[in-house]
Amino acid sequence: MIDRTQEPFIRIRGLHKRLGWQEILRGIDLDVWRGETLCIIGPSGEGKTVTMKHVIGLMQPDAGTVQVDSIQVNGLRERELAPVRQRVSMLFQNAALFDSLTVEQNVAFPLREAGVRDQKEIKDRVAAALDVVGLGQHGQKLPVNPSGGMRKRAGIARAIVTRAQCILYDEPTSSLDPVVSDVIDTVILRLQERHGITSLVVTHDMKSLFKIADRIAMLKDGLIHFLGTKEELRACPDKIVQDFINGRAEVDF
């Protein structure tokens, strides 16, 4: 259930970021409401993943502020980011699993890193997380064995095992076939509907976008070019928006 009666779970104001000579972000303002799925779209190199990395403190802004559950993230030292990273987990494009650990051991890793020592608690929480993503029978496999979609689902299980309130997804359906992509989308929706998880999703997958998004933000030239619902996106008369979501290009050979 999306809750707009409280402060946004994620609040970004005036976010600027330069990488080398290139100004990637030029003053982003964006709210993500508790319990919603907000997707970020836009051409490659427009700062979608850069924006996401600021939320979890993997990057620090040149200017502006980022708040997560009323905690200001920018300026925090690595050790001070622990409370934020208990609330927010990130699923990277390749799921970033340890190949030498089983799926169960990968999912358990953040619990052990957080200091959980009770073996029964670890076992129970790992089993519950794997069940949520439909991998209850695959915990003993090594990540080299599961398919790409199963690796992504294992990564999601690892993200939720800490009982995070928000998950950041960087291209969760990239390199997956349409059927497996639909499985990942269903998992994202299930986490929202059954567990109230807030999701921030970077994607180029338009089918996925129109299935999972409550709202969409489109980045262009380092700014928010469009922000609205799926229905508003479809009805938007802006040529840049329509060309992007319909995959149209003007090419003069």
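The values are calculated or read from the model by the stated rules, or taken from the named source; none is laboratory data. Just so you know, these numbers come straight off a predicted model, no measurement behind them. Ideal geometry is used to build each Cβ from the backbone, glycine not excepted, and the neighbour counts take in all protein chains shown. Keep in mind that these areas ignore ligands, DNA and RNA; they rest on the heavy atoms of the full protein, side chains included. Shrake-Rupley method; radii C 1.70, N 1.55, O 1.52, S 1.80 Å.
Yes/no per residue for (1) open to solvent by 40 Å² or more (accessible area, probe 1.4 Å); (2) not hydrophobic (A, V, I, L, M, F, W, C):
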residue	(1), (2)
Ala157	no, no
Ile160	no, no
Ser175	yes, yes
Ile188	no, no
Ser208	no, yes
Lys211	yes, yes
Exercise. Could you say which residue among Gln140, Gln192 is open to solvent by 10 Å² or more (accessible area, probe 1.4 Å), touching a strand residue (DSSP E or B) at 6+ places or on another chain (Cβ under 8 Å) and in contact (Cβ under 8 Å) with a residue 12 or more places away in the chain?
Worked result: Gln192
Seminar exercise, completed: Flagged in the range 1-26 as open to solvent by 20 Å² or more (accessible area, probe 1.4 Å) and either within 19 Å of Leu209 (Cβ to Cβ) or touching a Leu at 6+ places or on another chain (Cβ under 7 Å) (or both), in numbering order, are Ile2, His16, Lys17, Arg26
Exercise. Does Thr5 qualify as being within 19 Å of the chain's Cα centre (by Cα), polar (S, T, N, Q) and modelled with pLDDT under 95?
Worked result: no
Exercise. Can you tell me which residue in the range 213-239 is most open to solvent (accessible area, probe 1.4 Å), limited to those that are more than 24 Å from the chain's Cα centre (by Cα) and of a type outside the set (Gly, Ala, Ser)?
Worked result: Pro237
Seminar exercise, completed: When the range 109-137 is checked residue by residue, the ones that are touching a residue at least 40 places away in the same chain (Cβ under 8 Å) and either among the aliphatic types (A, V, I, L, M) or buried (at least 21 other Cβ atoms within 10 Å of the Cβ) (or both) are Leu111, Ala114, Val132, Val133
Exercise. Do we find a residue being over 30 Å from Met206 (Cβ atoms) and open to solvent by less than 30 Å² (accessible area, probe 1.4 Å) anywhere in the range 79-91?
Worked result: yes
For this session: Among what's in the range 58-78 and is more than 21 Å from Gly222 (Cβ to Cβ) and buried (at least 17 other Cβ atoms within 10 Å of the Cβ), pick the residue that is farthest from the chain's Cα centre (by Cα).
Result: Asp69
For this session: Could you please tell me which pairs satisfy a Cβ distance under 9 Å, a separation of 6+ or placement on different chains, a first residue in the range 71-82 that is closer than 15 Å to Cys166 by Cβ, and a second residue that is open to solvent by 50 Å² or more (accessible area, probe 1.4 Å) and modelled with pLDDT of 90 or more?
Result: Val73/Gln60; Val73/Gln67
For this session: With the condition kept exactly as written, say whether any residue in the range 144-153 is closer than 25 Å to Leu30 by Cα and touching a helix residue (DSSP H, G or I) at 6+ places or on another chain (Cβ under 6 Å).
Result: no
For this session: Could you check, for the range 167-177, whether at least one of its residues is at pLDDT 85 or above, more than 14 Å from Ser89 (Cβ to Cβ) and either in contact with a strand residue (DSSP E or B) (Cβ under 6 Å, 6 or more places away or on another chain) or not hydroxyl-bearing (Ser, Thr, Tyr) (or both)?
Result: yes
